[in-house]
Structures are given as C-alpha cells and as structure tokens.
Amino acid sequence: MSSTLRVPVVGGNWKMNTDGAGGVALAREVVGMARADAGVEVVIFPPLVYLERIGAAIKGSGVTLGSQDVYHAEKGAFTGEVSVNMLKDVGCEVVLAGHSERRYVMHEGDDLVNLKVRAALHHGMRCVLCVGEKLEQRETGQTDTVNERQIERGLRDVRADELDRLVIAYEPVWAIGTGKTASPEDAQSAHMAIRAVVGSIFGKEAAAGVRIQYGGSVTAANASELMKMPDVDGFLVGGASLKAGEFRAIIAAAQGRASEVGVQGF
Ligand code: PGA
C-alpha cells in the first residue's frame, strides 16, 4: 500500500473587508502566528486592490498570498478583470475559483470556473476549486451529486501533472457566513465522496494527495472536531479570518495534522 502526505492548509478569505492599513496590520498578525505554527500552510486572500501592499508586508514570512478571483484570458478587452500573470506579478501564488459568492452572487457557471482553474494551473499558479451544495440541494439528498458535477466540470481538461497545485474547498453554501457548520461526520462524508470523484478522474493514488479544505462558519470552537476527520485537510475561513486571535486558534487546530493517508483509505 502506498501512502501520501497531506500538509494541512488554512486559508483566510477576507472577502470585501478591511482597508489598506487594517489589512496590512491583520496580515502582520497572521505572519506572527504562522511562524509559531509550523506544519500548517497558511494563505491569505485579501481584497484585490490591497494585494501588492499586503504582499510586501508578508514577503519572506512563509505566509502565502492569494487572490479571491481571476479571469482566464491572458489580456485584452475585459473591463474590470485581472489575469493570472497580473496576479503573479504582484506576488500571488494561489487563486480561488468558483467560490459560492462568485457562483451565486456573480452568476458564474461551471464552464467559467473551469476556464479559471485551467488558466491558473496552466500558468503555474496554485488553485483552490470551491464546491458545495445549497440548502435545498442538501435537503433533497443531492449533496454528493452537486459536488460531483462541480468537481467534474471544474476539473475538465486539467492534467494529472497539475494536480499537486490543486486544493479543493468543500463549502456548503448554507454554512457560509450563517453560523451553521456541517457536522464533522457530514463534512467527512462529503470530503470522502469528493476524493472518490477525483479518484475516478485521476486515479486513487493521485486523489489521495489532493488536499480538501472545509469551509463554512469555521471558528476556533469547531475547528478541532472537524480536523479530526481523516479527509479534512484544513479550512477556508471567511469571517473568523478577520479576527487575528480566532484565526490563530483555527491555524493551531490544523497544526501538526500532516496526515499519512493510505490510498486504501477511501
Ligand atoms: P465563513 O466563509 O467562514 O464566513 O462562513 C467561508 C468562505 O466563504 O470561504
């Protein structure tokens, strides 16, 4: 039996919050705590306009700079958009694709999300593909079907050799910003099913190496229990990532759980 090592990854998705000075101050606090919490990869996703400034503040710290979104074209007449290379230029190493607020507030569909995933990976960036079901989909038993569709479409034409730069975030839409969190068992069940879908596309061994974050009202109070689940490889945190102490506790909960996972485990 072969095995793989998945280092937990915790992302702070600041969404449309902070200002320049506040963002830099928060980023500096994150840097301080990330140093103390080795064994976890920490990524922050500040608002686009502050990326360069915050990138300068965290340079060389070990905290990774990420963008909340990207456009797939390389350049041209796409008013308001930024390309992968522009993001790389300001020090971004990771992008989110398909966050539910992009899907349901900005009406992005699976095809556009797929273009973004491919553009990011093909240009050497790392990418977090976000998936998750809405409340009515969960209540009608469609959780795994929705995730399967979003994964299959989101990863269409992604190459196996790009998978090491992919992270998946399972974020049930009903749990985002609502204070409702998936139970550890429900999160594990969804993560396991997602890993199986990745396995059906790329093979079990490749899927065993892909990190799957949980997102949706993660707090210091629920992170440890979620982290006990074998297929939960860290968190994508919204509201709680804006409070340094809370984010620190979530990072600490993920610390040291670099799980040795056998490919027979799913
Ligand atoms: P939340 O957001 O932690 O505020 O629920 C998570 C996310 O949208 O990534």
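The values are calculated or read from the model by the stated rules, or taken from the named source; none is laboratory data. None of these values were measured; they are calculated from a predicted model. Neighbour counts run over all protein chains shown; Cβ positions are idealised from the backbone, glycine included.
Odds and ends about this structure:
- Taking every residue in the range 212-241 that is closer than 13 Å to Ser189 by Cα and at pLDDT 95 or above and pairing it with any residue that is of a type in the set (Lys, Arg) and away from the ligand (no atom under 12 Å from the Cβ), at least 6 positions away or on another chain, the pairs with Cβ-Cβ distances below 8 Å are Ile212/Arg195; Asp231/Arg195.
- If you go through the range 59-98 and keep only what is touching a helix residue (DSSP H, G or I) at 6+ places or on another chain (Cβ under 7 Å), within 15 Å of Ala27 (Cα to Cα) and either of a type in the set (A, V, I, L, M) or surrounded by fewer than 20 Cβ atoms within 10 Å (Cβ to Cβ) (or both), you end up with Ser61, Gly62, Val63, Leu65, Gly91.
- The set of residues in the range 40-58 being among the β-branched types (Val, Ile, Thr) and not in a helix (DSSP H, G or I) consists of Val40, Val42, Val43, Ile44.
- The listed residue being crowded, with 17+ Cβ neighbours inside 10 Å and within 16 Å of the ligand (Cβ to nearest atom), out of Ala169, Ala193: Ala169
- Boolean, Phe202 is at pLDDT 95 or above and under 21 Å from Leu135 (Cβ atoms): no
- Residues located in the range 114-152, provided they are closer than 26 Å to Ile44 by Cα and of a type in the set (D, E, K, R): Lys116, Arg118, Arg126, Glu133, Lys134
- So Val158, is it buried (at least 16 other Cβ atoms within 10 Å of the Cβ), within 15 Å of the ligand (Cβ to nearest atom) and among the β-branched types (Val, Ile, Thr): no
- Selection within the range 209-221 - within 13 Å of the ligand (Cβ to nearest atom) and touching a Pro at 6+ places or on another chain (Cβ under 8 Å): Gly216
- Of the helices (runs of 4 or more DSSP H) that lie entirely inside the range 69-153, those containing 1 or more residues that are within 16 Å of the ligand (Cβ to nearest atom) span 100-104, 110-122, 135-139.
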